[in-house]
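**Q** Got a structure here, written out as structure tokens. Questions coming.
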Amino acid sequence: MVKSFKTAMTAATLAALVACSSNQEAEDTSDADAAAAAEAAAAEAAAAAEAAEKQKCASAASVFYFDFDQSLLTANSRAALLVQAECLKKYTSSVRLEGHADERGSREYNMALGERRANAVRDFLVLNGVAAADIETVSYGEERPAKTGSNEASWAANRRVELK
Amino acid sequence: MRLIKSFSALVLCVICASEALAQITIEITQGMDDPTPIAVVPFAGIKPKSDDNIRNIVSNDLQMSGFFHSIPTADMLAFPSSEQDIYYRDWRLLGAAYIVIGRVYQDGELYALDYQLFDVLAQRKVFQKVTKGRAEAIRDIAHAASDQIYEAITNIRGIFSTKMLYVEDMNVEGPTRYRLVKADIDGARPEILFKSSEPLMSPAWSPSMNQVAYVSFETSRPAIFRHDLVSGVREQLTNFRGLNGAPAWSPDGSKLAFVLSKDGNPELYTLDLATKKLTRVTHNRAIDTEPNWSPDGKSLIFTSNRGGSPQIYQIGLASGRVERLTFDGDYNARGRVSPDGRSIVMVHRESGVFHIAWQDIASGRMRVLTETWLDESPTIAPNGAMLLYATQYNNQGVLAAVSMDAGLKFRLPSKKGDVREPAWSPFVN
């Protein structure tokens, strides 16, 4: 995460430097050279833009939270999933959605709830252009909590879908 | 409720007074509030080469049942081992209603316990029996004796020889994190049947007790496995997209009911284990899960949120007719039918807290049995007198037990890890 951010920064800086130097040298060199340099600069800029976008994808939220006994997506989740949908279409061949529930209630019912949540995320992604065949959903119910402890904070952290 | 109980005890007492002193059913209804004192005298004869003391296991069993108070050996004036050595007056003064004496001897490769039960008030022998077993089965000998004593006095079949399954989460990542354990119902002799780095869920006994079914995530998705306890052979029964869960064996052992969401939605199915024929049972857009068979094998109860909140329903397997069973509260799930088919227990939410509740099916009358919190996974003893469930204590998952009239409550703490999802075995034949 930090590493990819640095890489993006370095690429952007390099592109800027190349663009700068090529401007200075343009007067002394042939048109062909200038064109080649401009092309290289454009390529570098495009790479920088892509790196920036990849960075945006890498930093987009990949965990989505739910209310108790609910599988409705919140407004925040929808906004984050719109970003994820674009990113998935561009950069990812397949994705796994893991649905989870908090520890309250019965375990197998929570398995069903975890699946409902994963399906809600899947349906939203499909609606926004991600191929259904590229999405695998699996429910872990309450078996894999993100946060231990029997309190509201832990329960809220555990009612989630993780995009992997 | 308490009034009704006292009243029935009174009625029974009148009957007992007119017939004989030892009307066995009286002690049951009263015993919950006022356990029957029983003296299990240290057994004479040889001491088997074992850490287990037969007398103490019998004493613990009877004490654990809640119907009895086991008189400490320190209070006993004598340790008789034959009928003529019993001075009833002494035992009556001690408050003992019953006395158990016995002798342990070797019979070839086997150990044998020859034991007798006496009614102190009636001053008569109730029975004399012999139970035998190998050196490694000392606990089985003791539990068999406990079962006989318990049944002779209460008229209810004993459950001390039964077993349980449970899931243990050691909370440390690695290949031994999740364990499926089989143990005696008193927690002794735990045996790990299977361990995995991925979650294990929903263990269920086959009626013959030769096999268990459970959900394992070892394939990175939930799948139902059948595990033969004699051969150790494991077989993956389901591998569908989505949920593969909540296995439940039919009373005749021929079928397994479970939940699949392969058609897009959690639905109940039955699988004929011989022909592998899969039959879909429910057809509803809501969540349908947690099937449990009625004792006659003709219907399933299950959890569904088709009415907006999770409730218990029943479906006839031949008719397909669905009936809602629970109406109290907005969360009733994971029902289990009692052995007589007349009542169910379930996870019930009351004021935001999850308890175990009991409900009479015919009248719909519900009663909350537990006061602990985060209670789940009730499993009923084969004699219908008690249930085991999972709860939390000191931030740890533990098992607990409660009698069906809520008069008795136990906790079964564990030394490490979280213990959950108990499954009480059928009777051992």
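**Q** Can you pull out every residue in the range B:370-429 that is without any contact (Cβ under 8 Å) to a residue 24 or more places away in the chain, in contact with a Lys or Arg (Cβ under 7 Å, 6 or more places away or on another chain) and assigned to a loop (DSSP other than H, G, I, E, B)?
**A** B:374
Residue-wise test of (1) closer than 21 Å to residue A:156 by Cβ; (2) within 14 Å of another protein chain (Cβ to nearest Cβ); (3) free of Cβ contacts under 8 Å to residues at least 60 places away in the same chain; (4) part of a helix (DSSP H, G or I).
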| position | (1), (2), (3), (4) |
| --- | --- |
| A:49 | no, no, yes, yes |
| A:79 | yes, no, yes, yes |
| A:82 | no, no, yes, yes |
| A:99 | yes, yes, no, no |
| A:104 | yes, yes, yes, no |
| A:111 | yes, yes, yes, yes |
| A:120 | yes, yes, yes, yes |
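**Q** With respect to residue B:358, is the statement that it is without any contact (Cβ under 8 Å) to a residue 60 or more places away in the chain, of a type in the set (Phe, Trp, Tyr), within 14 Å of chain A (Cβ to nearest Cβ) and surrounded by 14 or more Cβ atoms within 10 Å (Cβ to Cβ) true?
**A** no
**Q** Now for a different question. Considering only the range B:290-330, how many residues are part of a loop (DSSP other than H, G, I, E, B) and buried (at least 23 other Cβ atoms within 10 Å of the Cβ)?
**A** Counting residues in the range B:290-330 that are part of a loop (DSSP other than H, G, I, E, B) and buried (at least 23 other Cβ atoms within 10 Å of the Cβ) gives 2.
**Q** Let me ask another. Looking at (1) touching a residue at least 40 places away in the same chain (Cβ under 8 Å); (2) in a helix (DSSP H, G or I); (3) of a type in the set (S, T, N, Q), which is the only condition residue A:71 fails?
**A** So the condition that residue A:71 fails would be (2).
**Q** Let me confirm something: among B:377, B:414, which residue is under 23 Å from residue B:179 (Cβ atoms), assigned by TED's automatic domain parsing to the domain that holds residue B:215 and surrounded by 23 or more Cβ atoms within 10 Å (Cβ to Cβ)?
**A** Result: B:377 is the single residue among B:377, B:414 that is under 23 Å from residue B:179 (Cβ atoms), assigned by TED's automatic domain parsing to the domain that holds residue B:215 and surrounded by 23 or more Cβ atoms within 10 Å (Cβ to Cβ).
**Q** Quick one: is residue A:5 of a type in the set (Phe, Trp, Tyr) and at pLDDT below 85?
**A** It is true that residue A:5 is of a type in the set (Phe, Trp, Tyr) and at pLDDT below 85.
**Q** Which of the following residues is of a type in the set (A, V, I, L, M), closer than 19 Å to residue A:109 by Cβ and within 14 Å of chain A (Cβ to nearest Cβ): B:300, B:325?
**A** The unique qualifying residue is B:300.
**Q** Here is a further query. Has the range B:162-170 got any residue that is outside the structural domain of residue B:211 (by TED's automatic domain parsing) and over 20 Å from the mean Cα position of the chain (by Cα)?
**A** no
**Q** I've got another one for you. Give me a count of the residues in the range B:233-256 that are within 12 Å of chain A (Cβ to nearest Cβ) and either surrounded by 23 or more Cβ atoms within 10 Å (Cβ to Cβ) or closer than 26 Å to residue B:382 by Cβ (or both).
**A** 7
The values are calculated or read from the model by the stated rules, or taken from the named source; none is laboratory data. Since the structure is predicted, the reported quantities are computational estimates derived from the model, not experimental observations. All Cβ positions, glycine included, derive from the backbone under ideal geometry; neighbour counts span all protein chains shown.
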